Amino acid sequence: MNIKNKKITVVTTILWIFTAFVLCTIPTDTIPNPRLNIPHLDKLVHFVIFFVMSALLSLTFEQLTRWNLRKIYLLAILTALVYGGLLEILQHFYFNRSGDMMDLLADIAGGIAGCLCYPIIKRVLRIEN
């Protein structure tokens, strides 16, 4: 993969991590009600945010390092755990939101699923190293 594509991957990953921060810290009273009757929709949102983040992190680490996939996945999942945990703490203490352990579990599950699906995503999108 050429340098330009690697830079795009890094920038996309950083922007997604920033987007996750914004989405997880905006006050709940400013979030529009989608009027969908989907149980635990907020957990699904957490899952998707961290699914994308771990897949992007896996791609970034694979392109920029010579680490094996096991190490890359471990780091991506640990990032989901730590970043998700920090966001929940920030929500509880500093933002007009409640920190929720179930949100953190959805974050971790999304991180794991993103790593498990990463090889499939690469194949479908025809991403090469």
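Computed from the coordinates by the stated procedures, all read-outs in this text should not be read as laboratory data. Everything quoted here is computed from the prediction, not taken from an experiment. Ideal geometry is used to build each Cβ from the backbone, glycine not excepted, and the neighbour counts take in all protein chains shown.
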Mean Cα-pair separation over length for the chain, i.e. relative contact order, pairs under 8 Å, 6 or more apart, %
35
Give the order of GLU128, GLU62 when sorted by the count of other beta carbons within 10 angstrom, beginning with the fewest.
GLU128, GLU62
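Report the net charge of residues surrounding GLU128, where surrounding means a beta-carbon distance below 11 angstrom and charges are Lys +1, Arg +1, Asp -1, Glu -1. Mind showing how you got there, number by number?
Values: positive: LYS122, ARG123, ARG126; negative: GLU62.
Value of the local net charge: +2.
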Excluding residues fewer than 8 positions from LYS43 in its own chain, the lysines with Cα under 26 Å of it are LYS122
So what is the calculated 222 nm ellipticity per residue for the chain, using -39500 (n - 2.57) for each DSSP H run with n of 4 or more, over all residues, to the nearest 500 deg cm²/dmol?
-26500 deg cm²/dmol
Once each part is reduced to its C-alpha centroid, what is the distance from the stretch 1-44 to the stretch 56-129 in angstrom?
12
How high is the relative contact order of the stretch 63-129? Use alpha-carbon pairs under 8 Å, at least six apart in sequence, and give a whole percent.
32
Just to confirm the number: angle between the C-alpha axis of helix 69-93 and the first principal axis of the chain, 0 to 90 degrees, nearest 10?
20
What is the angle, in °, between the Cα long axis of helix 3-25 and the longest principal axis of the Cα atoms in the chain? Nearest 10 is fine, range 0 to 90.
10
Principal-axis tilt of helix 101-125 within the chain, Cα atoms, nearest 10 degrees:
30
Under a no-solvent Debye model with one identical scatterer per Cα of the chain, what's log10 I(q)/I(0) at q = 0.12, 0.15, 0.18 Å⁻¹?
-0.48, -0.72, -0.96
Taking the square root of 5 times each eigenvalue of the Cα gyration tensor, what semi-axes in Å does the equivalent ellipsoid of the stretch 29-85 have, largest first?
30, 10, 9
Round to the nearest 0.05 the FRET efficiency obtained for THR19 and ASN96 when R0 = 22 Å and r is the Cβ-Cβ distance.
0.70
